[in-house]
Amino acid sequence: METLPIFMKVQSRPCLVVGGGEVASRKVNLLEKAGASITVVAPDLHPELQQLLVDSHIRHLQAVFDPAQLDGVMIVIAATDDAEVNRAVSQAAQARNIPVNVVDAPELCTFIVPSIVDRSPLLVAVSSGGAAPVLARMLRTRIETMIPATYGRLAAFAAEFRDAVKRRFSTSQQRRIFWEDVFQGAVGELVLSGQEPAARHAMEQALAGDGELHHGEVYLVGGGPGDPDLLTFRALRLMQQADVCVYDKLVSREVMELVRRDAELIYVGKSRDQHTLPQEDINQLLVRLAQEGKRVLRLKGGDPFIFGRGGEEIETLMEHGIPFQVVPGITAANGVSSYAGIPLTHRDYAQSCLFTTGHLKDGSVDLDWTALVRPKQTVVIYMGLVGLSEICRQLVQHGAPHSMPIAIIQQGTTQRQRVVEGTLETLPGLVEQAGLRAPCLIIVGEVVRLREKLAWFAPSPEAESAR
């Protein structure tokens with residue numbers, strides 16, 4: 001290694017920044033986060049630094065650099081746009097054995113300021129030793145996506161119990177195994193999901209020897225409309241640690257590819273009128289799997305609480321005392337309309353948006369048609385493909401014009417996306433010609449006219465030919 005990775009405590013310790021520009025402002029911000037006592041040496045200050053002087057306890061010396069300013073300083077950072085001044089700062093600091101960093105001049109540095117992933121008190125630092133700082137920042141960005149923001153909360157939680165764990169376990173191996181179980185098990189999940197009182201209770205029971213670190217839990221996760229890039233960080237994390245995945249037809253195959261490889265997969269159907277399992281049986285299945293001590297991923301297309309019957313499932317879980325957490329997903333209305341180039345609201349076309357389901361009931365579509373035909377409104381209809389002709393007929397019968405724009409999107413946000421546009425009069429025939437299949441989403445309203453101008457997403461030619 002060309003440099004020694006080291007974390008230095010600078011809280012309340014004197015640190016010097018030479019320079020008053022934008023770069024110096026970033027370094028001051030970093031030192032302030034670490035609690036340093038900061039002095040800035042510069043004839044003039046960048047507006048951001050001037051604001052920091054007002055908002056914090058930073059000291060400003062309105063002067064040029066003088067080696068005497070290094071007396072009593074713990075570290076110094078040179079961030080001026082004058083190479084000679086930066087060199088003078090480096091030489092004076094090294095003569096006094098004071099760690100010095102000169103921005104963009106690694107040959108003048110005795111320490112490097114790394115790219116930082118801040119999950120305080122958990123910190124991850126990435127450095128290329130000044131050789132490729134952009135590469136280090138790119139790697140930091142990747143790491144950011146892998147470490148949830150709540151990991152800082154988990155580290156602080158662990159600090160509370162560190163001494164108790166030392167007293168409970170006599171060897172380092174026993175302590176390591178215990179902490180691995182905490183971080184990877186139910187206690188860790190309780191902390192990460194914001195349920196710290198419950199986590200403390202479970203931790204105290206485990207330390208007393210009468211509690212289990214591993215017990216069943218259900219993750220009710222929204223898989224989004226299809227594009228795996230639209231999953232949340234928390235959804236990805238839970239998908240990777242589940243023991244079993246209970247999924248339905250609306251979850252895209254691309255999203256299913258991200259479920260933990262060795263997880264048991266249980267398909268429960270849930271297409272429009274063909275359920276592999278009735279909803280009540282699915283509810284009981286989740287309970288049974290959790291009672292067996294498994295981490296159960298209940299993966300749903302879109303969002304669990306928007307026509308996903310997630311509320312019914314967690315009601316059953318609560319009745320049986322099963323721990324659970326809910327991870328929202330981008331609902332089909334948001335994701336599919338965006339990829340189709342159809343904004344759901346627009347100040348010139350629609351000031352409100354209404355979501356409804358097009359499920360057939362006893363051979364007819366049972367909807368509040370009067371509410372659906374109000375002007376200046378967008379209507380999004382889930383599961384309406386089979387009843388499309390009846391939907392269009394009823395909308396016209398209740399006052400909507402024959403020429404009202406309407407679009408239907410098949411498998412939106414994926415490379416298999418297809419969009420058919422028309423009017424209430426023409427769309428049923430166009431859809432029959434196109435041979436669309438579920439899952440489809442219907443959008444009714446003047447906003448559909450904007451698609452000609454705003455459409456941006458196009459499936460790849462390979463996906464088109466594979467249909």
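The values are calculated or read from the model by the stated rules, or taken from the named source; none is laboratory data. Treat the numbers as computed from the prediction; the structure is a model and nothing was measured. Positions of Cβ are generated from backbone atoms using ideal geometry, with glycine treated the same way; all protein chains shown enter the neighbour counts. These accessible areas exclude ligands, DNA and RNA; they are computed on the full protein's heavy atoms, side chains included. Shrake-Rupley method; radii C 1.70, N 1.55, O 1.52, S 1.80 Å.
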### Query
Longest span of the chain, sites excluded, free of chymotrypsin sites (Phe, Trp or Tyr not before Pro) in DSSP loop with at most 16 other C-beta atoms within 10 Å?
170-455
### Message
Can you tell me, using C-alpha contacts under 8 Å and at least 6 residues apart, the relative contact order of the chain as a whole percent?
### Response
9
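From the C-alpha coordinates alone, can you work out the Kirkwood hydrodynamic radius of the chain, in Å? Could you put the intermediate results ahead of the total?
Working: mean 1/r = 0.0372 Å⁻¹.
With all distinct Cα pairs of the chain included, I get 26.9 Å.
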#### Entry: Charge dipole (the chain, unit charges on Cβ, about Cα centre) - positive-most of P133, A92, H57
A92
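Using the Cα centre of the chain as the reference point, and only Cβ charges (+1 on K/R, -1 on D/E), how large is the resulting charge dipole? Debye, rounded to the nearest 20.
Values: 46 positive and 54 negative charges, 82 e Å.
The calculated dipole for the chain is roughly 400 debye.
Which shape class applies to the range 247-333: rounded if a/c is under 1.5, otherwise prolate when a/b exceeds b/c and oblate if not, where a ≥ b ≥ c are the square roots of the Cα gyration tensor eigenvalues? Write out the running numbers ahead of the final one.
Working: a/c = 1.41, a/b = 1.20, b/c = 1.17.
It is rounded, given that a/c, with a ≥ b ≥ c, falls under 1.5.
Expressed as a rounded percentage, what relative contact order does the range 158-288 have, with Cα pairs under 8 Å and six or more residues apart?
Working: 116 pairs, mean separation 18.9, N = 131.
That works out to 14 percent.
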### Query
What fraction of the DSSP beta bridges in the range 324-467 is antiparallel, stated in percent and rounded to the nearest 5?
75
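Holding the Cα-Cα limit at 27 Å, pick out from K27/K166; K166/K294; K376/K453 the pairs that are longer than that.
Check vs 27 Å cut-off fails for K27/K166; K166/K294.
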### Binned Cα-Cα distance frequencies in the range 314-392 - 5 Å width, integer %
3, 12, 17, 17, 16, 13, 11, 7, 3, 1
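Could you pull out the trypsin sites (Lys or Arg not before Pro) across the range 93-161 that fall in loop regions by DSSP (anything but H, G, I, E, B) with no more than 14 other Cβ atoms inside 10 Å? List each step's numbers first, then the result.
On the way: sites: R96, R119, R137, R140, R142, R153; in loops: R96.
Filter output for the range 93-161: R96.
What order do you get for 279-287, 19-27 when each peptide is scored by the mean count of other beta carbon atoms within 10 Å, highest first? Walk me through the numbers before you get to the answer.
On the way: 279-287: 17.8, 19-27: 19.8.
Those peptides, ordered most packed to least, come out 19-27, 279-287.
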### Query
I6 versus A95, label points 7 Å from Cα toward the beta carbon: distance in nm?
2.2
### Message
In whole percent, and with a 1.4 Å probe on the protein chains, what portion of the accessible area of the chain is carbon and sulfur?
### Response
51
### Query
What number comes out for the charge environment of A198, summing +1 per Lys or Arg and -1 per Asp or Glu over other residues with Cβ under 13 Å away?
-3
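What fraction of the DSSP beta bridges in the chain is antiparallel, stated in percent and rounded to the nearest 5? Before the final figure, lay out each step's value.
On the way: 24 of 63 bridges.
Percent antiparallel among DSSP bridges in the chain is about 40.
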